[in-house]
Amino acid sequence: MQSIISFLKEVREELGKVAWPSREQTIRYTVLVVIVAVAVGLLLGGLDYILTLVTAFILEHYGR
């Protein structure tokens, strides 16, 4: 039981050393992550769509 209490005291001490971001930074970084995620999703979705069209074209014209 003593080791659990010691562990929790050390956790609290370490959390006091953390440089927490401000509210503005947190909002800015969250918006940035959402924008990048949407952009990557659109890029990958578009690439998938194009490759699907190319594959369908190849199979239609050169498939057996």
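Add -39500 (n - 2.57) for each DSSP H run of 4 or more in the chain, then divide by its residues: what number comes out at 222 nm, to the nearest 500 deg cm²/dmol? Mean residue ellipticity at 222 nm (helix-derived): -31500 deg cm²/dmol. Per-residue extension of 0.36 nm, minus the Cα-Cα distance of GLU10 and LEU44, leaves a gain of 7.9 nm for this segment. Taking a ≥ b ≥ c as the square roots of the Cα gyration tensor eigenvalues, with a/c under 1.5 meaning rounded and otherwise prolate when a/b beats b/c, else oblate, which class fits the chain? Because a/c hits 1.5 or more and a/b fails to exceed b/c, the chain counts as oblate.
The string of couplings for the stretch 31-47 from the Karplus curve (6.51, -1.76, 1.60, θ = phi - 60°) is 4, 4, 5, 5, 4, 5, 5, 5, 4, 5, x, 5, 4, 5, x, x, 5 Hz, one whole number per residue in order, with x for Gly and Pro. Extension gain for THR55-SER3 works out to 12.6 nm (0.36 nm per residue, less the C-alpha to C-alpha distance).
Quick note: the coordinates plus some simple rules give every number you see, no bench work behind them. On a predicted model such as this, the values are computed, not experimentally measured, just so you know.
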